[in-house]
Amino acid sequence: MSNASHIEPPKNIKKRKITDKSLPASLANEFEESAMYQQLVDMERKLDWTMTRKQAEISDALSKTPSTTRTLRIFLSHSVSGQTWQEPPQTADSAGGIDLESEQNIPAWTFRVEGRLLETASKSQSKAPARKFSHFVRRIVIEFDQDPNLSSQPNIVEWARGPSVPEQDGFEVKRRGDQPVQARVLIHLQQTPDRFMLSPDLARVLDMTEDTRSNILTGLWSYIKLNGLQDKVDRKNIRKDDLLAPIFGPGVDSLPFHELPNVVNRHIRIPDPLELRYTVNVSAEAPAGSMTAFDVDIETEDIALREKQKAVVFNQSPESLKAIQEIDDEVAQVAQMVRNAKEKRDFLLQFAEDPVKFVDRWLASQSRDLEVVLGNEHGVKEEDMRRSDFFRLPWVEEAAAVQDGLRLANALNR
């Protein structure tokens with residue numbers, strides 16, 4: 001027991017952080033500044049809640065990449081080699097003619113399909129990584145109008161996008177021949193989000209021929225609300241009108257609301273491919289380096305806008321966050337000092353009103369606390385424990401205030 005006084009308190013005790021920034025409600029009636037401060041605290045609490053909710057909404061929206069309309073320029077061109085008009089004039093000593101083994105001097109041509117996105121005036125778009133042409137193509141088919149008996153090479157060439165197929169800037173097809181050939185290019189575009197063609201019946205309702213699935217559903221729901229087609233008894237059912245009758249099907253007068261996506265899926269399809277035509281002219285009269293360009297509007301992901309939104313929402317400055325936290329800690333400490341001062345003030349006011357009676361109550365309270373600490377008494381007699389009026393006496397509020405003040409003082413001194 002003699003070594004008890006030498007026991008050191010445990011080290012590395014984590015200090016309790018003060019976070020309560022509220023003031024006693026009684027101060028609002030006595031000091032105008034207290035009421036104004038409480039209004040600021042309530043306003044800050046609402047602002048924090050609103051910002052947290054908005055941040056969650058933006059985070060949910062950022063899970064889907066925003067889309068934008070861009071212009072894709074597609075180039076069709078060709079080059080020739082080994083044509084008779086390209087060969088130099090033969091002399092008696094030169095060894096001219098076609099060499100089948102080395103494939104030299106064999107008339108041939110190469111057809112190319114290339115493309116790129118046009119730059120925009122937006123600075124954010126210019127910083128976005130450039131996508132290659134095949135990124136915007138789901139499938140491409142090239143057909144040549146050539147007599148199959150004159151060549152063993154196929155007249156139809158197809159490329160399909162796959163998960164492991166690397167992106168490329170263009171496609172080229174090389175064929176032998178010295179005659180003009182008509183080329184037909186079918187391009188199935190890869191748009192983000194996917195777009196669909198509407199059936200004639202659905203197109204008459206929505207007055208559109210092509211759009212995304214979500215926009216089609218939104219347009220159909222707007223048409224239903226605008227024309228009051230919800231059942232007045234059961235709002236989950238949709239009644240048909242003259243335009244919706246072909247879409248609902250024969251014998252169907254109404255549909256439940258959750259069936260609308262299925263109805264839309266039955267009346268949309270993949271858009272028709274983009275069809276381009278080109279003439280591979282191998283004659284000497286054809287202009288050298290001829291190229292044909294086509295501009296197509298496509299929906300693609302706006303990566304630059306998404307990164308900019310993320311930077312605004314999530315990339316907060318560490319310095320600003322640290323400064324805000326320091327100010328919050330300082331406000332909480334000042335609020336704690338105000339609460340302590342309020343308790344001291346109440347303590348002294350009670351003493352000033354009746355010093356003798358106050359000291360008697362205070363000594364009796366301290367005596368009871370001491371007996372409880374020493375274990376001599378339970379602090380409250382059994383007789384008093386049976387009487388509820390005993391716990392309504394002024395000493396209860398006073399003891400609670402003193403105890404709370406001691407606890408808060410110890411917290412500040414840690």
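Bear in mind that the values in this text are calculations on the coordinates, not laboratory data. Quick caveat, the model's predicted, so the values are computed rather than measured. Positions of Cβ are generated from backbone atoms using ideal geometry, with glycine treated the same way; all protein chains shown enter the neighbour counts.
Neighbour counts of other Cβ atoms within 10 Å put 258, 267 in the fewest-to-most order 258, 267. By the count of other C-beta atoms within 10 Å, a proxy for reagent exposure, 81, 152, 164 are ordered fewest to most as 164, 152, 81. Calculated on the alpha-carbon coordinates, the convex hull of the range 200-266 measures out at 83 cubic angstrom per residue. Extent along the principal axes, Cα only, for the range 139-233: 73, 31, 18 Å, with the longest axis given first. Taking Lys and Arg as +1 and Asp and Glu as -1, the other residues whose beta-carbon sits under 13 Å from that of residue 359 total -2.
Normalised by the empirical 2.2 N^0.38 Å for globular proteins, what value does the Cα Rg of the range 178-307 take?
Rg over 2.2 N^0.38 Å, computed on Cα atoms: 1.58.
Cβ-to-Cβ counts within 10 Å put 33, 343 in ascending order as 33, 343, the fewest first. Applying 1/(1 + (r/R0)^6) with R0 = 41 Å to the Cβ-Cβ distance of residue 156 and residue 258 gives a FRET efficiency near 0.40.
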